Amino acid sequence: MTVYTPILVLGGLAAAFAIFSVGIAPLTGPKRYNRAKLDRYESGIEPSPLPEGGGRISVRYFIIAMLFIVFDIEIIFLYPFAVAFDALGWFGLVEMFIFMATVFIAYAYVWRRGGLEWD
């Protein structure tokens, strides 16, 4: 258990700092809100008007965001392979080809289904 004590202490300190930061922010933060502060933000461009009653955001936006995250995480798995390439030998090379084939098949499937087209 003594081996894990520094990790537990660090986790406790991180949790205490997070709770303290969230708890103190409403007390110390600015209270001046204006129309621009409360308005939606769309990457620096003028926000498009919402229909009466709030409106809905297209599901396509969320699907493209999830596809980006999935493919981004899959590509991140290539970095450890690149670092340990010499030590893995043929087994690592074959496993990486299988992994890349899986990624390519998923990419081709999404492409053919029109998931990458931004309408």
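Restricting the calculation to Cα atoms, every distinct pair contributes to the Kirkwood radius of the range 55-112, found to be 13.2 Å. Annotation for residue 77 and residue 107: the two label points, set 7 Å from Cα along the Cα-Cβ direction, are 1.4 nm apart.
Roughly speaking, what is the stretch gain from residue 4 to residue 60, that is 0.36 nm per residue apart minus the C-alpha to C-alpha distance, in nm to one decimal? Write out the running numbers ahead of the final one.
Working: separation 56, 0.36 × 56 = 20.16 nm, distance 4.47 nm.
Gain in length upon complete extension: 15.7 nm.
At an R0 of 35 angstrom, the distance between the Cβ atoms of residue 67 and residue 18 translates into a FRET efficiency of 0.70. Across the range 91-97, computed HN-Hα scalar couplings (Karplus, 6.51 cos²θ - 1.76 cosθ + 1.60, θ = phi - 60°) run 4, x, 5, 5, 4, 5, 5 Hz from first to last residue, x flagging Gly and Pro.
Quick note: the coordinates plus some simple rules give every number you see, no bench work behind them. Since the model is a prediction, treat every value here as computed from it, not as a measurement. Note: ideal-geometry Cβ built from the backbone for every residue, glycine included; neighbour counts use all protein chains shown.
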